[in-house]
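Reading through the structure tokens given below for one structure.
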Amino acid sequence: MLQHAIGIVVGGVVALALLMLTISGVQWNSFVMPLVVGGVATFFWPVVIGIWLGRRVKRRRDDQIQDEVNRQLDQRQGR
């Protein structure tokens, strides 16, 4: 997690430096907000993906359990 945070900070600093070097006449503080938003999004996207994948796995497991229950009920009733 710490490596991820350090990577975000270093990437933001490099992006800011490149923007300042390539675009002349624009003040650096106009780039701060996009860099902060990009850094926050970069930091939290693995959390969002992890939650989504976890729910997907849980739903599949629940479906498998329900299928097994239905199979056993059908077997008990002699179908």
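Values in this text are rule-based calculations from the coordinates and carry no lab data. Computed from a prediction, not measured in an experiment: that's the story for all the values here.
Once the Cα atoms of helix 32-76 and of the chain are each reduced to a long axis, what angle between those two axes, in degrees from 0 to 90 to the nearest 10, is obtained?
The helix 32-76 is inclined about 10 degrees to the chain.
With just the Cα atoms defining each centre, how far is segment 47-79 from segment 28-42? Give it in Å.
Going from one Cα centre to the other spans 42 Å.
So how tilted is helix 2-22 from the main axis of the chain? Cα-based, degrees 0 to 90, rounded to 10.
40
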